[in-house]
Amino acid sequence: MSDADEGTLIEEVVGAFRPRDPRSLVPLPAWHDLSPVGREQAYEQSVTMRAIEAALDPNGYSATVRAVLGRIQGA
């Protein structure tokens, strides 16, 4: 697998839905296609993204969720 392909899979794992509990990860098919090094990178990046998302919104809402809620409330 090329580095570009592995990078795409890592991005897919990192950008996937995550429960609010930062210690739990949702298994994805892409996870199983990663090399051991890629899995480690995906895990580390996922943990970092969770911390950033928690700092941005204490309810755990992503930017997409906030945008949808804003449209619903504005309608």
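The values are calculated or read from the model by the stated rules, or taken from the named source; none is laboratory data. The structure presented is a predicted model; accordingly, all values stated were derived computationally and were not measured. Every residue, glycine as well, gets a Cβ built from its backbone with ideal geometry; the counts of neighbours run over all protein chains shown.
Computed values, structure above
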read-out	value
Hits in the stretch 32-47 - residues which are over 18 Å from A4 (Cβ atoms) and touching a residue at least 12 places away in the same chain (Cβ under 8 Å)	Y43, S46, V47
Failed item, numbered, when G15 is tested on (1) within 10 Å of the chain's Cα centre (by Cα); (2) at pLDDT 85 or above; (3) among the small types (G, A, S)	(2)
Search result, residues across the stretch 26-46 that are exposed (fewer than 15 other Cβ atoms within 10 Å of the Cβ), among the hydrophobic types (A, V, I, L, M, F, W, C) and part of a helix (DSSP H, G or I)	V37
Scan of the stretch 56-75 for residues that are assigned to a helix (DSSP H, G or I) and either farther than 30 Å from A4 by Cα or of a type in the set (K, R) (or both), ordered by number	R66, A67, V68, L69, G70, R71, I72, Q73, G74
Which numbered condition R20 misses (of (1) modelled with pLDDT of 75 or more; (2) exposed (fewer than 13 other Cβ atoms within 10 Å of the Cβ))	(1)
